[in-house]
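Take a look at the structure set out below.
The values are calculated or read from the model by the stated rules, or taken from the named source; none is laboratory data. Everything numeric here is computed off the predicted structure, so don't read it as measured data. For neighbour counting, all protein chains shown are included, and Cβ atoms are generated from backbone atoms with ideal geometry for every residue, glycine included. Keep in mind that these areas ignore ligands, DNA and RNA; they rest on the heavy atoms of the full protein, side chains included. Shrake-Rupley method; radii C 1.70, N 1.55, O 1.52, S 1.80 Å.
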Amino acid sequence: QVQLVESGGGLVQAGGSLRLSCAASGRTFSSYAMGWFRQAPGKEREFVAGISRGGATTYYADSVKGRFTLSRDNGKNTAYLQMNSLKPEDTAIYYCAASNSQDGGRYREEYNSWGQGTQVTVSS
């Protein structure tokens, strides 16, 4: 299991931007597909974005397409989620996760390692 730590959350006004980071420990970061999920109060944890081991393939939930961009720097053992044009409905705790699969799919069951989460709050 790889250890993951999210950072970069905070309070931002609607229309603003925020960049989340997910730092992974270990020497085998490139062996994992990475995903981002979020959970709002009273709701299920939902898929946001995923990226393949090498970063060539990305997947996005329909609700964030065109606004969020997931990338990774395997040399720095870090995945990033750039969030632009933020909306109040984006408010949630954001979690990064790692999967042994080639690609970062949208199903929670595919991921075996999870970070502790970082709070993102978007005000109107």
Item to complete: Pull up region 22-31, narrow it to residues that are open to solvent by 30 Å² or more (accessible area, probe 1.4 Å) and not aliphatic (A, V, I, L, M), then point me to the one that is farthest from A97 (Cα to Cα).
Response: R27
Worksheet item: Restricting the first residue to region 113-124 and requiring it to be more than 22 Å from S17 (Cα to Cα), which pairs with a second residue that is open to solvent by less than 70 Å² (accessible area, probe 1.4 Å) and not in a strand (DSSP E or B) meet a Cβ separation below 9 Å and a spacing of at least six or different chains?
Response: S113/V2; S113/Y32
Discussion item. I need a count of the residues in region 83-92 that are open to solvent by less than 50 Å² (accessible area, probe 1.4 Å) and over 16 Å from E44 (Cα atoms).
Written reply: 2
Practice prompt. Just name the residue that is farthest from F68 (Cα to Cα) out of those in region 7-16 that are open to solvent by less than 50 Å² (accessible area, probe 1.4 Å) and out of contact with any strand residue (DSSP E or B) (no Cβ under 6 Å at 6 or more places or on another chain).
Written response: G10
Worksheet item: Just checking, which of Y107, Y95 is buried (at least 18 other Cβ atoms within 10 Å of the Cβ), under 16 Å from E46 (Cβ atoms) and touching a residue at least 24 places away in the same chain (Cβ under 8 Å)?
Response: Y95
Worksheet item: When you scan region 1-118 for strands (runs of 3 or more DSSP E) that lie fully inside it, which ones turn up with 2 or more residues that are among the small types (G, A, S)?
Response: 18-24, 33-39, 46-51, 92-99
Worksheet item: How many of the residues in region 1-29 are basic (K, R) and either under 18 Å from E110 (Cα atoms) or over 15 Å from the mean Cα position of the chain (by Cα) (or both)?
Response: 1
Discussion item. Here is a list: R38, R45, R19. Which entry is open to solvent by 60 Å² or more (accessible area, probe 1.4 Å), basic (K, R) and in contact (Cβ under 8 Å) with a residue 40 or more places away in the chain?
Written reply: R19
